[in-house]
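The values are calculated or read from the model by the stated rules, or taken from the named source; none is laboratory data. Keep in mind it's a predicted model, so treat the numbers as computed, not measured. We place every Cβ from the backbone using ideal geometry, glycine too, and count neighbours over all the protein chains shown.
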Amino acid sequence: MHKPKFAVIGAGNGGQSIAAHLTLLGFPVHLYDIEPDKVNALRRAGKIIVSGAVTGEAVIDLITNDIGEAIHGANFIMVVVPTVYHGSLAKAMAPCLADGQIIVLNPGATGGALEVRSVLLENNCQAKVLVAETDTLLYTCRSPKAGEAIIIQGIKHDVKVAALPPGDIATVVAALNTAFPPYKAVPNVLYTSLSNANSIMHPTPTLLNAGRIESKTSFDYYTDGRTPSIA
């Protein structure tokens, strides 16, 4: 696949960043979100403006809230949604998938690929698809809301990727590297799932900042919220 086609599922900070970056690199892209208001806002804007580590104005080929339309003909289905929605999304995709498609969870969090594969089987998905997951999102990025400019503060240098079945990971990463060189293959999904940094970076500091959060005082979670004693 010289120029694989991508479907990006989820139009939040990460999804818009991936969709815009891929478009600026010259890859065909479909962007999906379940929320009609978000899809309409992106259509009205007509383009996604990015600045920072990636700069430009990306005109996405298709923006839709129809999951079947979004993934039709895609080589890669890049899922960029909160992990609580992985299961429901897999169920929605099950009847629309085609042989040879590759689902990539960005990230898989802990057990994401295992859950998605299980849900596809439970919903009688007949397509022979491969399910992969990363250990983290490729970007550090922020956007006020859909249709407004994305600031990509940084691109990570080492993003681990694993697949089910694990023997196909070299093929997956070779194709992904045409767009994203930082993606690196690891032997299996235990590597990506058990190195999930979010499970360390978020719950404990949130609990230890409970008083500050309840007081409604504004603070920066990653700096003010991680004092030496909390770290």
query: Is it true that some residue in region 43-53 is more than 26 Å from Val173 (Cβ to Cβ), assigned to a loop (DSSP other than H, G, I, E, B) and either touching a helix residue (DSSP H, G or I) at 6+ places or on another chain (Cβ under 6 Å) or of a type in the set (D, E, K, R) (or both)?
result: yes
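Among the listed residues Gly87, Gly100, Gly56, identify the single one that is surrounded by fewer than 22 Cβ atoms within 10 Å (Cβ to Cβ) and more than 15 Å from Leu120 (Cβ to Cβ).
Result of the check over Gly87, Gly100, Gly56: Gly56.
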query: Does region 105-123 hold any residues that are in contact with a helix residue (DSSP H, G or I) (Cβ under 7 Å, 6 or more places away or on another chain) and on the phi < 0 side of the Ramachandran plot, and which are they?
result: Leu105, Asn106, Gly108, Thr110, Gly112, Ala113, Leu114, Glu115, Val116, Val119, Leu120, Asn123
task: Considering only residues that are under 17 Å from the mean Cα position of the chain (by Cα) and part of a loop (DSSP other than H, G, I, E, B), look in region 5-27 and name the one that is surrounded by the most Cβ atoms within 10 Å (Cβ to Cβ).
output: Ala11
- prompt: Taking into account only those residues within region 29-53 that are within 17 Å of the chain's Cα centre (by Cα) and farther than 17 Å from Glu148 by Cβ, which is surrounded by the most Cβ atoms within 10 Å (Cβ to Cβ)?
  reply: Tyr32
query: Which one is surrounded by the fewest Cβ atoms within 10 Å (Cβ to Cβ) among residues in region 133-185 that are under 20 Å from Gly111 (Cβ atoms), of a type in the set (Asp, Glu) and out of contact with any Phe, Trp or Tyr (no Cβ under 9 Å at 6 or more places or on another chain)?
result: Asp168
- prompt: Within region 120-222, which helices (runs of 4 or more DSSP H) (wholly inside it) include 2 or more residues that are at pLDDT 95 or above, basic (Lys, Arg) and in the same structural domain as Ala11 (by TED's automatic domain parsing)?
  reply: none
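If we scan region 123-130, do we find a residue that is over 21 Å from Val173 (Cβ atoms) and either within 18 Å of the chain's Cα centre (by Cα) or of a type in the set (Gly, Ala, Ser) (or both)?
yes
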